[in-house]
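What follows is a set of notes on a single structure, which appears directly below.
The values are calculated or read from the model by the stated rules, or taken from the named source; none is laboratory data. Every value quoted in this text rests on a predicted model; they were computed, and no experiment measured them. Please note: Cβ atoms are built from the backbone with ideal geometry, for glycine as well, and neighbour counts cover all protein chains shown. Keep in mind that these areas ignore ligands, DNA and RNA; they rest on the heavy atoms of the full protein, side chains included. Shrake-Rupley method; radii C 1.70, N 1.55, O 1.52, S 1.80 Å.
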Amino acid sequence: MNSPTHGLVLGGGHAGMLAATALARHLDTVTVVERDHYPEGPGHRKGAPQAHHGHLFVAGGVEAVESLLPGTVERLMAEGAHRMGLPEDSITLNAYGWQHRFPASHFMITCGRELLDWVIREQALRNDRITVVQGSDAGELTGDADRVTGAVITDAQGRERHVAADVVVDARGRGSRLKQWFAAQGREVEEEVLDLKLRYVTRVFAPPPRTMKEFHAVFNLFSDPTVPGPVSNAVMLPIEGDRWMLTASGVRGGEPPADDEGFLAHLRRLAHPLLADLIDLAEPLTHAQTTRTTSNRRTYYERLDPWPEGLIVVGDALAAFNPIYGHGLSAAALGVVAMDRSLDDTGTGDGAARQAVRAVGAVADEPWQWATAQDIQYMDLEEDEANHLRSQMGAFVKMMMDAGPVQPVVSAALLNVHTLSAPQSTLQAPHVIAAVRRGARRPVLTGPPLTDAERAFLASHTKNGTAPGPGGA
């Protein structure tokens, strides 16, 4: 008889729980090692400080999670999460103008990160093959450069023990020490970092009763990064409990202040006063929460050759993104699905881990290219560098981005890529190119595309009894 097989997942967050779920399909038992103690229900934990800020869970990632843990979306919705149609349920201003609210072609789920993590954790731990060791730190990997055989685990009292495993998955996120482990063997891992030094500040608000019914929307206000000077952005999401979560961000002198009063004053300096007007109606529920952990970091583990048997890397440990694009959660989920499919093809024997890491890395390439191409525009470049960037962008890409707000076919194609539902190559599809060349189907908006009901509600609640005009809709 064959010996029972065992998997070890280092890190019990979003990526770790999904990785454990996938491993449990291929191994007899899986142990997850988590430094924190989980809260009883949805709640913050020290190891996930980013949970204080807004998260977008886009369609590609949602569908990946559903394939691993069927029923997750239904559970999230039952707990108060929102399913937002895109672009229909989005009021968006970006560098290319106000986005028309075309009928939804895609979607995303909005909720607090603590709720998302709790639901995924509850769903995963229904599998009796998965066990979690809480309050313990995953230390050095055991084995050697040829094969990883487990890890040394240290509990809260400092006691160490070795946990053996046939497969070890590093899901420790940005705090992973795997790169240092390779360095100790004299092996350098290629890494690329793009850091805007973007500051994030978030507060949660309670809007007046019935506001969610009248304004069931995601709000996005973005500065034009190609214009010299301060850049200030804000995203406001409906989350569980009939609350709004508002995350402001900025760079080049446009950083939101970290104090409560400064944060509110900052909203008045955004590209449009709509968000400030809405927040004037709401009651603050939390103080300002700040982070600067917003860099893009791509660690190319899949390029190491040879690769140790029995070791796989997923999530932020391999590719971490500026959260402004909402790709981190979804990219991690898609990476785990790629790992799962790779193990379906190869089993868990020799060569399987290398193939799995390559599969995860391939999935990370799309969101990495998207995030870095966008972020470089925000950098404070010299004029010749900026002109070079614009020339690289190309006339056709510029035409496509200009067409997105006013052309439904182009809008849907861009959302297909932005929600990680399709590769960027689909932007070259003949029907998309034809739509770009055909030009606008709607007039350019000069103000937010509010519905009549939204405009009437806002006018009835503002002090001066007015609301933004139709803006050319």
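Applying a 10 Å radius around every beta-carbon, put 94-103, 51-60 in order of their mean neighbour count, most first.
51-60, 94-103
Stick to Cα atoms and the Kirkwood definition of Rh, then tell me Rg/Rh for the chain.
0.98
Suppose all protein chains stay in the model; what accessible area per residue would a 1.4 Å probe give for the stretch 121-276, in Å²?
Heavy-atom accessible area per residue stands at 44 Å².
Beyond 12 Å, what percent of the Cα pairs of the stretch 91-135 remain?
Numbers: 755 of 990 pairs.
The proportion of pairs with Cα distances above 12 Å equals 76 percent.
Once you order the gyration tensor axes a ≥ b ≥ c over the Cα atoms, which shape class does the stretch 37-158 get: rounded for a/c under 1.5, otherwise prolate or oblate by comparing a/b with b/c? Mind dumping the intermediate values first?
Values: a/c = 2.25, a/b = 2.06, b/c = 1.09.
Prolate.
Taking only the alpha-carbon atoms of the stretch 24-104, what semi-axes of the equivalent ellipsoid follow from 5 times the gyration tensor eigenvalues under a square root, in whole Å, largest first?
Semi-axis lengths for the stretch 24-104 are 32, 18, 13 Å.
Can you give the log10 of the normalised intensity I(q)/I(0) at q = 0.12, 0.21, 0.23 Å⁻¹, computed with Debye over equal Cα scatterers of the stretch 241-354?
-0.64, -1.19, -1.33
Report for the chain the percent antiparallel among DSSP-assigned beta bridges with both residues inside it, nearest 5.
In the chain, approximately 70 percent of DSSP beta bridges are antiparallel ones.
Convex hull over the alpha-carbon atoms of the stretch 148-296: what's its volume per residue in Å³?
196 Å³
Would you compute, from DSSP H runs of 4+ residues alone, the mean residue ellipticity of the chain at 222 nm, taking -39500 (n - 2.57) per run and dividing by the full residue count, rounded to the nearest 500?
-10000 deg cm²/dmol
Could you rank the peptides 84-93, 129-138 by their average count of other C-beta atoms within 10 Å per residue, with the highest value first?
Peptide ranking by packing, descending: 84-93, 129-138.
Let me understand the stretch 255-298 better: what is its radius of gyration from the alpha carbons, and its Dmax, in angstrom?
12.7, 41
When ranked by the protection proxy of mean other Cβ atoms within 10 Å per residue, highest first, what sequence do the peptides 153-164, 344-355 form?
Numbers: 153-164: 12.5, 344-355: 15.3.
With the highest mean Cβ count within 10 Å placed first, the list reads 344-355, 153-164.
Going by Cα centres, the stretch 217-262 and the stretch 394-443 are how many Å apart?
Each part's Cα centre sits 26 Å from the other's.
Expressed as a fraction of 2.2 N^0.38 Å, the rule-of-thumb size for a compact globular protein of N residues, what is the C-alpha radius of gyration of the stretch 304-356?
1.26
At q = 0.14, 0.15, 0.28 Å⁻¹, what base-10 log of I(q)/I(0) does the Debye formula yield for the stretch 222-275 when every alpha carbon is treated as an equal point scatterer in vacuo?
Computed log10 I(q)/I(0) values: -0.38, -0.43, -1.16.
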